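The values are calculated or read from the model by the stated rules, or taken from the named source; none is laboratory data. Here the structure is a predicted model, which is why all the values come from computation and not from measurement. Using ideal geometry, Cβ is built from the backbone for each residue, glycine included, and neighbour counts are taken over all protein chains shown.
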Amino acid sequence: MVAFLVDGARSGVPSTPALAVRWGLTHGLLRRALAARERSGNRDARLLRDPALQAEPWEHYRELRRHRPFAQGPMGRLTAHHDITTRILRSDDFGVADRDQVFPAPVRLGMRLIGPRRYASIDDAPSMLAVDPPDHARYRRLVTRAFTAKAVAALRTRTEEITAELLDGLEPDLRRGPVDLVERFAAQVPLTVIAEMLGVPPERREDLLAWGDGGAATLDLGLPWSRYATAERSLAAFDGWLREHLRTLRSHPGEDLLSRLVQVADDDGSGLSEQELVATSMLILAAGFETTVNLIGNGTQRLFEHPDQRALLAEQPDLWSNAVDEVLRHDSPVQRTARLARRDTEVEGVAIRQGEIVVTVLGAANRDPAVFTDPERFDVTRSNARDHVAFSSGIHYCLGAALARMEGEVALRGLFSRFPDLAPAGTPVRRPTIILRGWTSLPVHS
């Protein structure tokens with residue numbers, strides 16, 4: 001039976017039996033555990049299961065901050081404090097969390113018998129999100145050589161052109177009636193930018209959007225079966241296309257980032273292995289538009305809800321850069337991330353054992369009144385808005401932070417400058433993800 005399950009994935013497309021067993025051992029068990037924790041009164045377990053609480057988690061975050069340095073989460077400790085979050089994310093005592101280590105030994109044995117995924121993902125090694133030094137330092141060093149600040153700066157003009165083209169297309173449709181801003185604009189700006197950066201052919205960009213949207217769910221815990229299967233098959237399809245695309249770039253390289261990654265070498269002459277290259281490329285592609293879609297959508301909704309801030313930006317457009325950081329602080333596209341204690345340590349006198357998981361709630365840390373005055377207020381003039389941890393901190397600080405900020409500024413400024421009367425045209429629909437916070441649909445009219 002085990003051999004059948006493993007063989008079913010060799011073609012690159014995971015078999016349903018293999019997926020079902022893996023889901024049962026991981027997300028299925030976690031769903032049961034979270035339900036039990038919720039019944040016992042753990043409010044964070046409720047948040048992980050309740051879309052209504054996920055939509056408005058701010059009171060819950062305030063409750064978490066009553067506990068210092070940690071509150072009790074459903075699977076371990078978590079913190080909602082900005083200084084504790086920053087300390088953990090920057091500390092060598094903590095590394096990226098291996099979620100498999102939270103499972104009991106029999107479950108880990110079952111996972112070993114099934115074997116690892118046959119396709120790359122953004123949440124498993126060798127993805128940069130899932131490895132610590134020395135591997136992380138090597139991957140980041142190689143990627144950084146191709147992903148330079150100069151290259152991002154040069155992209156601003158092209159991003160402005162892409163934004164203008166998309167807004168030109170929106171204008172006649174808005175005259176006729178409501179349009180979905182996520183589908184027509186918030187997703188298309190970062191998708192087009194990252195696709196051009198990475199040499200993705202235009203005819204595959206909608207596939208890329210679908211794979212990224214489907215695969216993003218793998219960052220969450222306790223997924224229902226249907227969403228888990230969709231996410232894993234999205235990753236497998238993404239992996240299959242990437243391998244073919246990278247083979248093409250090896251023989252016919254262009255001027256794009258992936259062409260440079262295929263050829264880049266470290267100081268010792270070594271480059272990235274195929275699995276490392278696929279995992280790294282997948283992460284850059286997915287992270288290059290997933291969080292930025294949320295940033296643009298969240299920013300639009302915040303400005304709808306705060307017309308005084310919108311009017312201020314119209315009067316003082318030089319505030320747009322700071323406004324983007326205030327969006328990132330006030331409505332963070334990534335809400336939480338976990339770390340694993342690499343050794344016995346302590347935080348403010350609380351002993352943490354090696355192997356313990358600690359969750360940093362970024363969305364809560366970004367509303368910590370110890371750092372941000374009147375943190376619930378959305379204020380585009382906030383002097384320390386950039387002190388947020390929306391891009392994490394430490395060695396895992398988001399490699400594409402500068403790109404996301406630039407795209408968010410260009411897109412939001414262009415949107416509200418072109419359509420000063422833009423307004424909601426119906427009920428927006430939230431993404432069904434927990435780690436990533438954003439909108440699936442934002443109907444608007446002008």
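Could you please let me know if Phe238 is over 16 Å from the mean Cα position of the chain (by Cα), in a helix (DSSP H, G or I) and of a type in the set (Phe, Trp, Tyr)? Yes, satisfied. Checked against the criterion of being among the polar types (S, T, N, Q), within 23 Å of the chain's Cα centre (by Cα), under 22 Å from Gln54 (Cβ atoms) and not in a loop (DSSP other than H, G, I, E, B), region 321-335 has no qualifying residue. Taken as a whole, the condition of being farther than 22 Å from Arg260 by Cα, among the charged types (D, E, K, R) and part of a helix (DSSP H, G or I) does not apply to Arg141.
Can you go through Ala390, Ala385 and tell me which one is more than 16 Å from the chain's Cα centre (by Cα) and at pLDDT 95 or above?
Details: Ala390 fails: more than 16 Å from the chain's Cα centre (by Cα).
Being more than 16 Å from the chain's Cα centre (by Cα) and at pLDDT 95 or above holds for just one of Ala390, Ala385, which is Ala385.
Taken residue by residue, region 216-225 has at least one member that is modelled with pLDDT under 95, within 20 Å of the chain's Cα centre (by Cα), farther than 30 Å from Pro420 by Cβ and surrounded by fewer than 19 Cβ atoms within 10 Å (Cβ to Cβ). When residues in region 176-196 are screened for being assigned to a helix (DSSP H, G or I) and crowded, with 23+ Cβ neighbours inside 10 Å, 10 of them pass.
Annotation: of all residues in region 393-427 being among the aromatic types (Phe, Trp, Tyr) and either surrounded by fewer than 15 Cβ atoms within 10 Å (Cβ to Cβ) or part of a loop (DSSP other than H, G, I, E, B) (or both), the one that is nearest to the chain's Cα centre (by Cα) is Tyr397.
Residue pairs whose Cβ atoms lie under 7 Å apart, sitting 6 or more positions apart in sequence or on different chains, and linking a residue in region 421-446 that is within 24 Å of Glu171 (Cβ to Cβ) to a partner that is of a type in the set (Ser, Thr, Tyr) and crowded, with 18+ Cβ neighbours inside 10 Å, are Leu442/Thr300.
I'm trying to understand the selection: among the residues of region 232-259, which are among the basic types (Lys, Arg) and surrounded by fewer than 16 Cβ atoms within 10 Å (Cβ to Cβ)? Within region 232-259, Arg247, Arg250 qualify. Filtering Val389, Val358 for residues that are closer than 28 Å to Leu47 by Cβ, touching a residue at least 24 places away in the same chain (Cβ under 8 Å) and touching a strand residue (DSSP E or B) at 6+ places or on another chain (Cβ under 6 Å) leaves a single hit, Val358.
Taking the conditions (1) part of a helix (DSSP H, G or I); (2) farther than 25 Å from Pro134 by Cβ in turn, Leu221 satisfies each one other than (1). Annotation note: of Gly363, Gly299, the sole residue that is among the small types (Gly, Ala, Ser), within 14 Å of Ile84 (Cα to Cα), modelled with pLDDT of 95 or more and not in a loop (DSSP other than H, G, I, E, B) is Gly363.
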